[in-house]
């Protein structure tokens, strides 16, 4: 059966190579046009940039530090630097994007904010910024994820957000995203949908990347100032891929800097239980964008699996698909088991409990001893802190404290 | 050879209806729901009850434009093993006299291959409607659909600006599907108050027949829509009734038919 050649670039904007686009119901097209215009106008307005920077510095706590990691460095045999997004207000990189998007929604006169969440970090970050500005906030979260991340559900409700359990499909991030889109199709006139990753229809992947690119801009300057050189390699975990694109972006034009994205291999890449869309997926369309996707031969989306709710998504940002295809970034995968080892390792060696998502990046790094010279520098993005995961991991009883 | 015949069947059907001063009843069924065999019985029953065009849904794992009723029917159909070629097989076996429109998301259609549209035409499908492929989204795939053997039915929403309505109509054929309201498919109590104005705006932008759907469930709503438009699409209400029994869905279709036929030419 002749297949569609998804490598032929469609003649439209909002693309990263062939990937990206706007595959959405007609109802949303005018809203996406409006959002794109509002975003481009805001970007050109110094007041908007100043508002974003003000909140990032006085509320989020940016710039986030770059920590050296002496004991992990010794373990790996090269100099390891940690970009500390775990130290942001609310405990992860997610708030970089929600600050930008909520400020944009205010400029657009939207009174109600919708979000989806997997691990709950994006939901908490959105609820937080909505509380700061007195905006109504509705967060869609898979029932299964609500169980895994009960603490974050409680935090969102404390912040006066409405958390709506999603019981359709796999009851995880994929279905929460569909449900948020369904809400937005009905409420598009007065609501703004704050997507939490570099996924979804244009202009979201570009806009979320821009808001997250602060991670890499800071890290590049900090590396030059503290390490005296650019890193040999930049490593970040990839679910939808927002912290990864955020830290990669400032280094894309530095050809000597290798970019490595670490996906969730779940129970193993050769099983059906993983979330490695770039490593094992094929191009397809989900949630408004063309990208690599876990799907069967009939184009039905395959449920993803990861120990980490934040990586548990069968798609991936279209810019990552592009970076993979042009060879600018490399994508690898780490199993649930090894991610837990990374979780333990960073806690014990550096006194930093990483989010299970970030633990995938740490784990891959820790297994690469001998890959780099002793005087090389490797940069790891610690996208979030692991407080949210402590209960889940302790209940598993598989990790002796 | 089937190229012209397939795509023009829908236009011919609407011309015939227009000539006799009637409006079209366009029921929707999810192929494979409640079971593949019942879909067959349902298709024949709907034709007998007076359907003029039937929309046959290709089940998809992530139907983001659909409400709970059609979502559940899609999951049930997929669990029963329904595939794209299974949908075509069902259509082919039903041997209906009325035109058939495939209602699909892009991903399962792309996965079905470059010759999916030809296979569909050979199975007795006459049109295709792709929920998540709006005009201008993807020139390559839109051309594939536009140049294919099926009528390419495009959607217009209440949020669509007038200039874009005209553009959408130019890039479609068969009929224009007007989404009656903001939101996903589902059963609603009332029709949106701005529907007459939206239909009027769309009329100014297209010569194609206009069918209105999303939220139309009861005979009196169908009658009100038939006063405005050339056809009435009823989806979730039919699917919900089909979940009870084929007979309930057919009875509902007959009552919708009767209500629509009270509209004067």
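Brief remarks follow.
- From least to most packed, judged by other beta carbons within 10 angstrom and beginning with the fewest, A:111, A:174 follow the order A:111, A:174.
- Note: relative contact order over chain A, using C-alpha pairs below 8 Å and six or more positions apart, is 20 percent.
- Rg over Rh for region B:184-237 works out to 0.95, using Cα positions for both radii and the Kirkwood form for Rh.
- Normalised by the number of residues in region A:249-401, the mean separation of alpha-carbon contacts (under 8 Å, six or more apart) gives a relative contact order of 21 percent.
- Ranked by how many other beta carbons lie within 10 Å on average, peptides A:136-144, A:343-351, B:140-148 from highest: A:136-144, A:343-351, B:140-148
- Legend: mean number of C-beta atoms from other chains within 10 angstrom of residue C-beta atoms, peptide B:80-92, equals 1.
- Relative frequency of Cα-Cα separations exceeding 16 Å in region B:116-170, percent: 45 percent
- Considering every alpha-carbon pair of region B:11-62, the percent of pairs per 5 Å bin, from zero through the bin containing the longest distance, is 5, 19, 23, 20, 14, 10, 7, 2, 0.
- Legend: ranking of residues A:95, A:252 from fewest to most surrounding C-beta atoms inside 10 Å; resulting order A:252, A:95.
- Note on region A:151-205: percent of Cα-Cα distances in each 10 Å bin, starting at 0 and stopping at the bin with the largest distance, equals 21, 48, 31, 1.
- Panel note: the C-alpha atoms of region A:11-68, placed on their principal axes, show extents of 44, 31, 19 Å (largest first).
- Whether region A:2-144 is rounded, prolate or oblate, judged on the alpha carbon gyration tensor where a/c under 1.5 counts as rounded: oblate
- Taking only the alpha carbons of region B:146-265, we obtain Rg and Dmax values of 14.7, 43 Å in that order.
- Distance from region B:188-211 to region A:225-295 (C-alpha centre basis), Å: 45 Å
- Size of region B:1-102 as Cα extents on the principal axes (Å, biggest first): 42, 31, 25
- Peptides B:92-100, A:231-239, B:188-196 ordered by packing proxy, namely the average of other Cβ atoms within 10 Å per residue, highest first: A:231-239, B:92-100, B:188-196.
- Shielding score for A:293-301, defined as the mean number of other chain Cβ atoms within 10 Å: 6
- Binned Cα-Cα distance frequencies in region A:130-183 - 10 Å width, integer %: 28, 50, 22, 1
- Region A:196-321: C-alpha gyration tensor shape, a/c 1.5 cut-off, then a/b vs b/c: prolate
- Net length gained if the chain between residue B:227 and residue B:203 were fully extended (0.36 nm per residue, minus Cα distance): 7.3 nm
- The protein assembly as shown: equivalent-ellipsoid semi-axes (sqrt of 5 x gyration tensor eigenvalues, Cα, Å): 48, 24, 22
- For region A:340-399, dividing the convex hull volume of the Cα atoms by the residue count gives 79 Å³ per residue.
- Fully extended contour minus Cα-Cα distance, from residue A:34 to residue A:54, at 0.36 nm per residue: 4.7 nm
- Taking every C-alpha pair closer than 8 Å and separated by at least 6 residues, the mean separation divided by the residue count of chain B gives a relative contact order of 24 percent.
- Residue with peak Gaussian network fluctuation, chain A [Cα springs, cutoff 10 Å], from A:89, A:305, A:360: A:89
- With both labels modelled 7 Å from their Cα along Cα-to-Cβ, the residue B:18 to residue A:253 distance reads 5.7 nm.
- From the Kirkwood radius over Cα pairs of region B:224-265, Stokes-Einstein at 4 °C and 1.567 mPa s returns a whole-number translational diffusion coefficient of 119 µm²/s.
- Remark: the Cα gyration tensor places chain B in the rounded category, a/c being less than 1.5.
- Spatial separation of Cα centroids for region A:309-337 and region B:234-259, in angstrom: 45 Å
- Each part reduced to its alpha carbon centroid, region B:132-173 and region A:42-93 end up 44 Å apart.
- Bridge type composition, the protein assembly as shown - antiparallel percent by DSSP, nearest 5: 20 percent
- Within 10 Å of the Cβ of each residue in B:108-117, the mean number of Cβ atoms contributed by other protein chains is 5.
- Peptide packing for A:67-78, A:257-268 was compared via the average number of neighbouring C-beta atoms within 10 Å per residue; ordered from the highest value, the list is A:257-268, A:67-78.
- As a proxy for reagent exposure, B:14, A:48 were ordered by neighbouring Cβ count within 10 angstrom, fewest first; the result is A:48, B:14.
FYI, it's all coordinate maths here, none of it is from the lab. For clarity, every value in this text was computed on a predicted model and none was experimentally measured. Neighbour counts run over all protein chains shown; Cβ positions are idealised from the backbone, glycine included.
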